[in-house]
Amino acid sequence: MAEETFVLAGREVRILHPRDGDALLDELLTEDDPDEDRLPFWAELWPSGIALAGAVAGRQLTGLRALELGCGLGLVSVAAAMAGASVTAVDRSPEAIAFTTANAARNGVTLRTAVQAFDQPGELLSGAPWDLVLAADVLYDRGNLPVLSRLLPRLVGDSGEVWLADPERRLAGAFLAEADAAGWQRDRVQSQLATVAIHRLRPPGLAGGTG
C-alpha cells in the first residue's frame, strides 16, 4: 500500500491506496471470465474526487446527512465528515469499502459504510431523503445514466441537493441536459481543478442551498 496526503480547507487528509492499481487490473484480466463490475476503478485517486473533496471541505455541513455514491477510497466522504456531516459512504466494491473504512479511521472521523450498487439501492432509499448526495466521476458509463436519473430524485426528495463532479465527459452533458429538462435547478460549485466541473443539482422549486 501507499499513502497520499491532501490539504483540504487547511487540514491534512491522509489516504491509503493500493500501490499499483494497474497490477490489480492485470490480475483481474487474467481470470477466465473477468467480471466488469469488479474493475478496480476504486483504486485510483481520480481528479474528480480530489476536486469534489476540496469543494466539500470548505463548506459548513454540521447537522447534514450526506451520502456518497461510488466512494472509492473515501476521500470525499472523509472530507464531508471533517466538515461536520453525518456521512454514509457506499460502493459496489467490498475492497473500496475496506479502504474507505481504514481511511476514515486514519483521519479520525466516523462514517457509515455499505457495499451497495446504484441499481440495487434499497438501503440507500431507506435512509432518504438525504440532505446532500455526493458523486465523483460516475457518468463514465452510459448504463449509469438512466439508473441515476431515476435514483437521484428519490434520494434527495423535495429538499436535498446533489453535487456531481465530472471531467466534462460527453455523457455527463447528456445527463445534465436531461436533468435541466426535468426541471432540476443547476449551478456550479467552484472547483480547484480546471479540468473538473462540479455541478450542484436541486429539485424543482427548491430555493437556497447548502453553504
What do you get for Rg/Rh of the range 97-184 when both radii come from the Cα atoms and Rh is the Kirkwood radius? 0.99
Just the Kirkwood number for the chain, please: inverse of mean 1/r across all distinct Cα pairs, in Å, one decimal. 17.2 Å
Where the only charges are on Cβ atoms (+1 Lys, Arg; -1 Asp, Glu), what is the dipole of the range 72-170 about its Cα centre, to the nearest 20 debye? 100 debye
Can you list residues from other chains, or at least 5 along the same chain, whose modelled amide H is less than 5 Å from the amide H of residue 113? 89
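What does the extension gain come out to for residue 1 and residue 187, with contour length at 0.36 nm per residue minus their alpha carbon separation?
Taking 0.36 nm per residue and subtracting the Cα distance, the gain is 63.2 nm.
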Just the number, please: carbon plus sulfur as a percent of the accessible area of the chain, 1.4 Å probe, no ligands or DNA/RNA counted. 48 percent
Translational diffusion coefficient of the range 93-136 at 10 °C, 1.306 mPa s, Stokes-Einstein with Kirkwood Rh over Cα pairs, in µm²/s as a whole number. 134 µm²/s
Given +1 on the Cβ of Lys and Arg, -1 on the Cβ of Asp and Glu, and no further charges, what dipole in debye does the chain carry about its Cα centre, rounded to the nearest 20? 1180 debye
Please list, in order along the range 138-153, the HN-Hα scalar couplings obtained from phi with the Karplus expression 6.51 cos²θ - 1.76 cosθ + 1.60 (θ = phi - 60°), rounded to whole Hz, x for Gly and Pro. 9, 9, 7, 10, 4, x, 6, 4, x, 4, 5, 4, 7, 7, 4, x
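If each DSSP helix of 4+ residues adds -39,500 (n - 2.57) and the sum is divided by the residues in the chain, what number results at 222 nm, nearest 500 deg cm²/dmol?
-10000 deg cm²/dmol
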Return the sequence-ordered ³J(HN,Hα) values of the range 86-94 in whole Hz as given by the Karplus equation 6.51 cos²θ - 1.76 cosθ + 1.60 applied to θ = phi - 60°, using x for Gly and Pro. 8, 10, 10, 10, 10, 7, 6, 9, x
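The values are calculated or read from the model by the stated rules, or taken from the named source; none is laboratory data. None of these values were measured; they are calculated from a predicted model. Counting neighbours? That spans all protein chains shown, and the Cβs are built from the backbone with ideal geometry, glycine included. These accessible areas exclude ligands, DNA and RNA; they are computed on the full protein's heavy atoms, side chains included. Shrake-Rupley method; radii C 1.70, N 1.55, O 1.52, S 1.80 Å.
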